[in-house]
Amino acid sequence: MLIRVNGRQEEAIAGMTLLEYLRNKGLDPGQAVVEYNQQVVERDQWGSIGLKENDQLEVLRFVGGG
């Protein structure tokens, strides 16, 4: 199925949770903020949100450095 992530179309497995998708992409959930269909989602809810066709995600990652 197709979803939109940061403005780009991407493939996702039907029924995959938001948390599974992020981990599958190699993202550390502790260093990200996610907007799901224009709503910021608390990290503890990511495992209970099943992705659906045409969902829209905005994923922001925190990067440290100097």
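Read-outs throughout are calculated quantities, based only on the coordinates presented, and are distinct from any laboratory measurement. Computed from a prediction, not measured in an experiment: that's the story for all the values here. Neighbour counts are summed over all protein chains in view; Cβ atoms, including those assigned to glycine, are modelled from backbone coordinates with ideal geometry.
When DSSP beta bridges are restricted to pairs lying wholly in the chain, around 85% turn out antiparallel. Springs join every pair of Cα atoms under 10 Å in this Gaussian network model of the chain, and among LEU51, LEU18, LEU27 the largest mean-square fluctuation is at LEU27. Computed over neighbours whose Cβ is under 15 Å from that of ILE13, the net charge equals -2, Lys and Arg +1, Asp and Glu -1. Among residues other than ASN54 with Cβ under 14 Å from its Cβ, the summed charge is -1 (Lys and Arg +1, Asp and Glu -1). For the chain, the alpha carbon positions stretch 39, 24, 22 Å along the principal axes, listed from largest to smallest.
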